[in-house]
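Report on one structure; see the data block that follows.
Nothing in this text is a laboratory measurement; each read-out follows from the coordinates by a stated rule. Quick caveat: nothing in here was measured; it's all calculated off a predicted structure. We place every Cβ from the backbone using ideal geometry, glycine too, and count neighbours over all the protein chains shown.
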Amino acid sequence: MSANTGYGAKLRAPLPVRDGVGPSRTCVKAGKWTTLAQYLIECFPATPAHEWMRRIAEREVVDRNGLVVTIDRPHEAGLVLFYYRTLESEDRIPFDEDILFHDDHLVVADKPHFLPVIPSGRYLQETLLVRLKRRLGIDSLVPIHRVDRDTAGVVLFSVQERTRDLYQALFRDRAVEKSYEAVAPVNDRLNLPLTYMSRIVPDTHFMRMREVPGPPNATTHIALINRVAAAGGFDQGLYRLAPITGRKHQLRVQCAALAIPILNDPIYPELREERPQGEAAAYAKPLQLLAREIAFRDPLTNCERRFTSRLTLESSVPAL
């Protein structure tokens, strides 16, 4: 069971942002528990019991009205609780974000490989959202869309709650042009450029998605930009990928299905159970996928916006 961090949600947290990190929240389920403390300890075993007791003792767990959870407060199903999540240790991810644009309504960042967009799991301070909050001093910052931790490139953030939905609607209404670049093997059997449509659903492994028969729910335009001869007789290509939809892992799943798996992908076409020894080894082989560009008509100014990443893929395939 995991808590909902609530990024972008309408429910206002009764706890302020602390050191760039907003409170997490969870909705209490019905069950046999006597107290809320017992519920939290048993339902969130990844957090040690002594840590929950510390949070409660320091009045860091509250309900939606700001009333603190005490050690003997009775269990109450449906109650929404807020609390600060902490990590005992968190190594710095040794890659820096870049700010491409900043005004009163938008922040556009260039995300490096390996940096998550929002706090999750073992990442808290070392996330793009928290780094930007601390760097810019904007506690209200919220990502408008997401990209994978393994993917680099352009990410948009909303500054003000009152204009946030206008920008989020652009993504809901597919009024945003997104362009990615990827390095993958060349498959001469493909008649490129093409528009590829498939149905993508969660796989049996929680980390993966997969294609299944049925009505398509994922569409991507795919074009080959350039190719170079590579060792072993298999040419490598630089591809432009333009997703029309936004399914999880869409580009990675579809490229693998077309026999052009993205270089250094540890999940597709097959999940690599073995992991490199140490973070440095993993950092040496970033996924060769870059969110190159995002374009849209600004709903506030009616002006055309186009934001382009300054990053480059590390492959030997040059862009034309």
Residue span L136 to A259: 0.36 nm per residue of separation minus Cα-Cα distance leaves a gain in nm of 40.0 nm
Exposure proxy order (Cβ contacts within 10 Å, fewest to most) of T195, T151 = T195, T151
Separation between the L67 and V201 pseudo-spin-labels, each 7 Å from Cα along Cα→Cβ, expressed in nm?
-> 4.3
Stretched fully, the stretch from V212 through L192 gains (0.36 nm per residue minus C-alpha distance, one decimal, in nm) 4.9 nm
When all alpha-carbon pairs of the stretch 98-308 are counted, what percent fall beyond 22 Å?
-> 54
Residues of the stretch 93-129 with backbone N under 12 Å of the label point set 7 Å from the Cα of L166 along Cα→Cβ are 104-106
Mean Cβ neighbour count within 10 Å, used as a protection proxy, ranking 176-183, 187-194, 120-127 highest first | 176-183, 120-127, 187-194
Take peptides 28-34, 252-258, 241-247, 67-73 and line them up by average Cβ neighbours within 10 Å, highest first, as a rough protection proxy.
-> 252-258, 241-247, 67-73, 28-34
Could you work out how far helix 161-172 tilts from the main Cα principal axis of the chain, as a 0 to 90 degree angle to the nearest 10?
-> 40
Let me know the charge dipole size of the stretch 98-308 about its Cα centre in debye, to the nearest 20, where only the beta-carbon of Lys, Arg (+1) and Asp, Glu (-1) is charged.
-> 240
Packing-wise, with mean Cβ within 10 Å as the measure, how do 160-166, 211-217, 55-61 rank, highest first?
-> 55-61, 160-166, 211-217
Along Cα→Cβ, 7 Å out, is where each label goes; now give me the distance between the ones at E177 and F101 in nm to one decimal.
-> 1.3
Return the ratio Rg/(2.2 N^0.38 Å) for the stretch 1-86, where Rg is computed over Cα atoms only.
-> 1.00
Flagged as over-length at 31 Å C-alpha distance, from K178/K285; K32/K248; K32/K133; K29/K285, the pairs are K32/K248; K32/K133; K29/K285
Sites A30 and A230 - FRET efficiency at Förster radius 41 Å, r taken between beta-carbons, to 0.05 = 0.10
